[in-house]
Amino acid sequence: MIRFLRRSVTNPGLLLVILIAATVGGMLWVVKATVTQQDKLFILHSQEMVVSGLEQRQQQLVGALREYSMWDAMAENANQQPLDTEWLKYNMSGSAFANQSANIQAIVDRQQQINYLLLDGKLVAPNTKTDTLTHIIATFYPLADHYSPYSKTPPPLGYVKVTEAGADVYYLVIMEPIVPENGVKVPRNGRFLLFASALDSAWVGTLGENFRLLEPQIRARASALEPNVALRNPQGAVQGYLTWRLDMPGHRTFSSMLPSMGGLLLILVTIAALLARLASHLQSSQLAQAVRLAAQGDALRSLALSKDAIPTSQAYAEEAAVLARLTLQLPHLSVWELGDNRQTLTCKALIEQPRGLSAFGHTIERGHAPWLFDLLDTKTGLVLPHVMPAENPSYWVNMGGAGALLAMPTLVRDQAIGVVLAMSPWPRQWWPDETNFLASIADMLALSIESQARKRAEQELAQRIYFDELTQLPNRIYLGQRAQELLLKPHQPQQYVCVLVNVEGLVLINDKYGVATGDQLLVGVAKRLAYFCASSELVGRVGDSRFALVLDLARGANLRERMDMLFGFFSSPVNTQDISLLARLNIGASYLQDPTGWALALHNAEIALHALHRSNRENTWLEYSLEHHAAEQQERALREDLQQALERKELFLLYQPIINLASGNVGGAEALIRWQHPARGLIGPDTFIPLAEATGYIYFIGLWVLREAVRQVKAWQEDTATPLTMSVNVSMIQLEHRGFAEDVCRVLLEEDVSVNRLELEVTEGIALSSAPEVEENLIHFRKHKIGLAIDDFGTGYASFSYLRRFEVGKLKIDRMFLDGVPDKKRSTNLVKMIIAMGHTLNAQVTGEGIETPEQATFLRQAGCEFGQGFLFSRPLTVDNFAKQLNEIYRVS
């Protein structure tokens, strides 16, 4: 043995043969172990599929039974004494057999007697199949008697074996109590429903076809060597086994491999004899490879060093093409980029010498070179030492006269975006180092593309972080940084002023014309503001409808002159895609005192802007002063006090009578809220209602007003037996609240007040709202016949076409239209037109602000039904209103 080993060591050929034989033997052992394990896994997978199929069949039978066992009508008719068989004939037919193969459907009482029986979907006598059913019921009844369908425990379900006509028959059975759908306990004297599905040869054959089982069958016993699944009853006892055969893929594969492995052993021995002859050739090829690797390494280093120096991916591709062609010493090398549609390649770089090769041109379509696009789709390289188009002429087209091809895809994030193509005019062998080198060139091109993309992404990220996406102006953060940089320059601090511009009415524009039109208006405003500012001045967008400017007053114009110039820029409408809109601006201004005072100046400008809003001024500007700051502080304190006003019972209601102009009687009242502040005295709604709307507290105040008002109208009606209608003002904030209509109905129900005693007053702005919550609330009001009135009609934006869809019950003419009535013809005609419009809408009309008998007489003669104003009464307390309730107001 020692002599043999010494001979083997000194004879490399013999040693190689031994190693090959050992390798093949080891491979056979590994393959044998692998296929054995594969067969075991195949059997286990087959068993899992069959178990899954059986569980699916069980769930189907459970679902079929539950459609009847948990059914109110079934519980009522099947559990009564005596059993309603006529109802069962009509409602419990053979559908369960037809759909779920429930061969046995039986209703069983608590004496384990069958009261109703269907076999194969047909009604039969209860004593049919007595032995079978007796065995099944005896097995399942103890479990069903203690089972509740309302629990989450598994139902009494399992397999049972019975003997019919001398043969074993297996059934899948479920038995449950018959209960109502929404009960909690099983009826004490209720019956049970039993479904049984036979596991006959047809079912077993179908299971075998579904899971590709060979010779499936159910037997009483099973061999440990064959795949099987035990069929157990609910108590866990095995009733039988479902067995089958399998065509083992591992065994079949191993048997087919043996001849090949023997041939492989023979081939390897032959190869061993040739290896000695190849040794010298290998040595020379290794030397040539070393030379190539050195050249390739130099080229790749040069390309890597120039990656950051070359500014564009196009120039980098040209540099890479030059280096790669010189290194590989080929007449053609090109770099191509895949288009976004993945159907076209565009040439980014082409280095070619005329050696019988023809260039593709600047573009390649998928249909012109399918072989090239295939490597992009598969993301694999193409190494073709000998091009033979004749073998598949429809595939190998437009080869450019090449004899050999080498192509590598450019992959960015595992996505092919291009290809590097090398071509030789004659067939040749591509060395692995050449393939790797071209793949490295493709990888470096990918890195360059990713680097360029990263730089673009960083620029886009900076754009998103520091600039407004819609207007492309600096946002609040970036504008503040630039303002501080500007103020740090050697200038006088008082030369700069912060100007805050607010585009008024943007919400109405969005509601009426759409958000796209509103965005276009903002873009137009941004462009004009940017054009207005000089190079040393700043502009940015700091809110939805707000822009901030930093103006340099050292340019020769004072603040008033600059503001006049700014409003002059907006004297003409801003053109949008669908309409031209005149931008209405409010501007607050505040001087910048020091380099760190940008945030304070912006805040002060906002305070000045708030002062304009409080004074209801528009299209003007205001410079910040300490008085504005004090007013802002006062408003903030008032807003905080308002949060506690309801709890402190500081809010109260007054009621102004609404007069029937025809009879002169009181027809109703309008609830008017007031605030008795402990320190500031009586505060009117014009002061605190906007604060409540701004904070959202208006919703809770509105519900309180509604409840107090309907409660009061009920009390008056009970005391005087006079039918009155209570009008309650509703804010748009309330209408835009989901569930507001339900809250109104709930208050009416809780206070026991009829819906025809309530009228909700809304403004014309409701007609312009596109909020879905408003539409939902209005639909709810119409459904419950709660009346709506348009308050201050004629002062808003609604048109006749808008109002027709709201089914309003009343229009209230604003007091401003009655100033010239009845003396001025234009005023009287306008009021008559409004009254006619209301009647066209099938709405009654109320005149507000009536102060003279002549106004009342005119309105009555013009057809106006109701009147309200100081002529009749000022807003009254509850006690004073009750005193005057029975008085009759006559209009002369």
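The values are calculated or read from the model by the stated rules, or taken from the named source; none is laboratory data. Everything numeric here is computed off the predicted structure, so don't read it as measured data. Using ideal geometry, Cβ is built from the backbone for each residue, glycine included, and neighbour counts are taken over all protein chains shown. Heads up: the accessible areas ignore ligands, DNA and RNA and are worked out on the full protein's heavy atoms, side chains in. Shrake-Rupley method; radii C 1.70, N 1.55, O 1.52, S 1.80 Å.
Under a 5 Å amide H cut-off, with hydrogens placed 1.01 Å from N, A583 pairs with V574 among residues at least 5 apart or on other chains. Simple point charges give the picture: +1 on the Cβ of Lys and Arg, -1 on the Cβ of Asp and Glu, and for the range 637-781 a dipole about the Cα centre of about 400 debye.
Taking loop as defined by DSSP and a crowding limit of 11 other beta carbons within 10 Å, which GluC sites (Glu not before Pro) in the range 413-500 fit?
For GluC sites (Glu not before Pro) across the range 413-500 that sit outside H, G, I, E and B with at most 11 neighbouring Cβ atoms in 10 Å, the list reads E469.
Normalising the average separation of contacting C-alpha pairs (under 8 angstrom, six or more residues apart) by the number of residues puts the relative contact order of the chain at 6 percent. Ordering 496-503, 840-847 by mean Cβ neighbour count within 10 Å, with the highest value first, yields 496-503, 840-847. For the chain, which whole percent of the accessible surface, found with a 1.4 angstrom probe, sits on carbon and sulfur atoms? About 54 percent, which is the carbon plus sulfur part of the accessible surface. The charge dipole of the chain, taken about its Cα centre with unit charges on the Cβ of Lys, Arg, Asp and Glu (plus for the first two, minus for the last two), comes to roughly 2620 debye.
Using the 1.4 Å probe convention, the accessible area of the chain works out to 51 Å² per residue with neighbouring protein chains retained.
FRET efficiency for N341 and S148, Cβ-Cβ distance as r, R0 = 60 Å, nearest 0.05?
Values: r = 63 Å, r/R0 = 1.05.
FRET efficiency, N341 to S148: 0.45.
The GluC sites (Glu not before Pro) found in the range 612-697 that occupy coil by DSSP, while having at most 10 further C-beta atoms within 10 Å, are E647.
Amide hydrogen proximity for N729: with H placed 1.01 Å from N in the peptide plane, the residues at 5 or more positions away or on another chain lying under 5 Å are A671, E761. Backbone geometry of the range 127-138 corresponds, through the Karplus equation with coefficients 6.51, -1.76 and 1.60 at θ = phi - 60°, to 3J(HN,Hα) couplings of 8, 6, 6, 4, 4, 4, 5, 4, 5, 5, 5, 4 Hz, x marking Gly and Pro.
Projecting the Cα atoms of L691, T139, G403 onto the dipole axis of the chain, where Lys and Arg carry +1 and Asp and Glu carry -1 at the beta carbon, places G403 farthest toward the positive end. Here is the result for the range 816-892: no chymotrypsin sites (Phe, Trp or Tyr not before Pro) lie in DSSP coil with at most 10 other C-beta atoms within 10 angstrom of their C-beta.
Note on V523 and S284: their simple-model spin labels are 7.2 nm apart, each label 7 Å out from Cα toward Cβ. Shown is the FRET efficiency for R711 and M837, computed with R0 = 45 Å from the Cβ-Cβ distance and rounded to the nearest 0.05: 0.85.
Note on the chain: dipole from Cβ charges, positive end direction compared against V845, Y478, P126; the farthest Cα belongs to P126. Annotation: aspartates and glutamates with alpha-carbon distance below 13 angstrom to K455 (same-chain offsets under eight excluded): D308.
Note that the range 583-591 has calculated 3J(HN,Hα) couplings of 6, 9, 10, 10, 10, x, 10, 8, 6 Hz, one per residue in order, obtained from phi through the Karplus relation 6.51 cos²θ - 1.76 cosθ + 1.60 (θ = phi - 60°); glycine and proline are x. Note on E458 and K40: with the Förster distance fixed at 56 Å, the Cβ-Cβ geometry gives a FRET efficiency of about 0.50. Give, to the nearest whole percent, the P(r) tail of the range 33-173 beyond 23 angstrom, counting all Cα pairs. Every Cα pair in the range 33-173 considered, those over 23 Å come to 43 percent.
So what is the relative contact order for the range 59-127, in percent, with contacts set as C-alpha pairs under 8 Å and at least six apart?
About 23 percent, as a whole number.
Run the numbers on the range 388-535 and let me know its relative contact order in percent, using alpha-carbon pairs under 8 Å that are six or more apart. Answer for the range 388-535 is 14 percent. Net charge near P409: determine it from the other residues with C-beta under 11 Å of the C-beta of P409, scoring Lys and Arg +1 and Asp and Glu -1. With Lys, Arg at +1 and Asp, Glu at -1, the neighbours total -3. Would you work out which of G166, M732, M388 lies farthest towards the positive end of the dipole of the chain, given +1 charges on the beta-carbon of Lys and Arg and -1 on that of Asp and Glu, about the Cα centre? Value computed over the given set: M388. In a fully extended conformation the segment linking N616 and Y90 would gain 181.8 nm over its present Cα-Cα distance, using 0.36 nm per residue.
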